[in-house]
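Undergrad: Have a look at the structure that comes next, please.
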Amino acid sequence: MILILIFIHILCMAAFYLLLRNRGSLSFSRMLVAILVPVFGPSCLLSELILKNKVPQGGEMLAINENTADDAVYRSIHVRPDKDADAIVPLEESLLINPPAKRRKLLLNVLNLNPSDYVDGLRKAGVNDDTEVVHYAVTALVELRKEYNDRLFQMEEEMKESEDLESLRRYAAFDEEYLRTGLPENGERIERLNHYNQLLARLLEEDSSIMDRTSLYRKRAACYMAVRDYGKARHLLDRLIIKEPENEENYLLMLRCLSAMKDRAGIDEVLATISATHVFLTEEGKEAISFWSCSEAETA
């Protein structure tokens with residue numbers, strides 16, 4: 001039985017060989033696959049022949065990834081520019097220029113999203129000339145503050161029970177989120193910034209699993225600048241620049257710090273270092289460098 005199947009396979013190969021040779025499309029790799037893989041190999045060759053016969057005369061089989069569209073076709077397609085963005089105005093401006101009904105609708109939409117992302121807008125809405133808008137805004141701010149005060153109380157209780165690494169991480173994440181909302185102001189904001197900075201320092205000291213430690217040092221430097229302790233911020237940033245001489249973020253933070261200290265000579269030194277180190281700059285970095293370079297030219 002096996003000999004009969006082998007004989008049939010050989011006959012099929014001979015037929016395919018003659019057929020492909022006459023067509024001028026004989027391929028050694030295809031024939032080799034067909035010979036070495038009984039049944040499946042000849043089947044593949046047969047299916048290829050059938051597909052080729054279906055191609056119109058004078059036509060060609062298209063490659064899978066071949067793009068047959070001419071570039072001129074794409075150039076001829078005119079896309080209407082999207083001007084919807086031109087009609088977008090900030091929340092604060094909308095609460096000033098829109099009629100009362102639209103202001104209320106806008107504020108209700110904000111409250112249905114995430115009010116913590118719109119604290120500044122809610123504060124401005126709290127002094128609006130529409131009493132209903134004021135009511136919505138003040139109520140939202142009160143509820144937000146209550147929510148964060150409750151979470152703060154829970155974090156304090158958790159830290160009293162156990163000051164393990166996981167609790168430190170959660171508390172630091174809470175402080176960062178709370179500060180980002182803009183809810184804490186004046187003395188409370190300074191207190192939270194100092195507390196957040198201390199938590200970051202403890203994490204850097206106690207948590208050996210932190211991979212990106214430099215990002216935490218940058219956050220500490222930002223905290224020092226926020227409380228106007230520019231000397232400590234500059235000390236941290238000096239260390240970061242030595243450790244990561246090609247990181248753009250370190251230089252931008254240093255420029256902010258030196259600007260707050262009104263240290264023009266320090267700014268010029270940083271600009272020279274960036275140029276000498278060939279730091280890769282994003283658009284934000286290029287704008288900052290251009291600004292301070294222009295300022296230097298004006299000063300000179």
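Undergrad: What is the spin-label model distance, in nm, from THR277 to ASP120 if the labels are put 7 Å beyond Cα along the C-beta direction?
TA: 2.9 nm
Undergrad: Can you tell me how the range 203-254 classifies by the Cα gyration tensor, rounded, prolate or oblate, using a/c under 1.5 as the rounded cut?
TA: oblate
Undergrad: Right, next: Give the separation of the Cα centroids, the range 227-267 to the range 121-191, in Å.
TA: 29 Å
Undergrad: A further question on this structure: For the ranges 185-195, 238-248, what's the packing order if you count other beta-carbon atoms within 10 Å of each residue, average per peptide, and put the highest first?
TA: Taking the mean over residues of other Cβ atoms within 10 Å, the ranking is 238-248, 185-195.
Undergrad: Another question, if that's okay. Placing +1 at every Lys and Arg Cβ and -1 at every Asp and Glu Cβ, with all other atoms neutral, what dipole size does the range 141-272 have around its Cα centre, in debye to the nearest 20?
TA: 600 debye
Undergrad: Still on this structure: Translational diffusion coefficient, Stokes-Einstein: compute it for the range 125-225 using the Kirkwood radius over C-alpha pairs as Rh, at 10 °C and 1.306 mPa s, and state it as an integer in µm² s⁻¹.
TA: 104 µm²/s
Undergrad: Follow-up question, since we're still on this one. If you roll a 1.4 Å probe over the heavy atoms of the protein chains, what accessible area per residue do you get for the range 214-300, in Å²?
TA: On a per-residue basis, the range 214-300 sits at 58 Å².
The values are calculated or read from the model by the stated rules, or taken from the named source; none is laboratory data. Keep in mind the model is a prediction, meaning the values are calculated, not measured. Every residue, glycine as well, gets a Cβ built from its backbone with ideal geometry; the counts of neighbours run over all protein chains shown. SASA here: full protein model, heavy atoms, side chains in, ligands and nucleic acids out. Shrake-Rupley method; radii C 1.70, N 1.55, O 1.52, S 1.80 Å.
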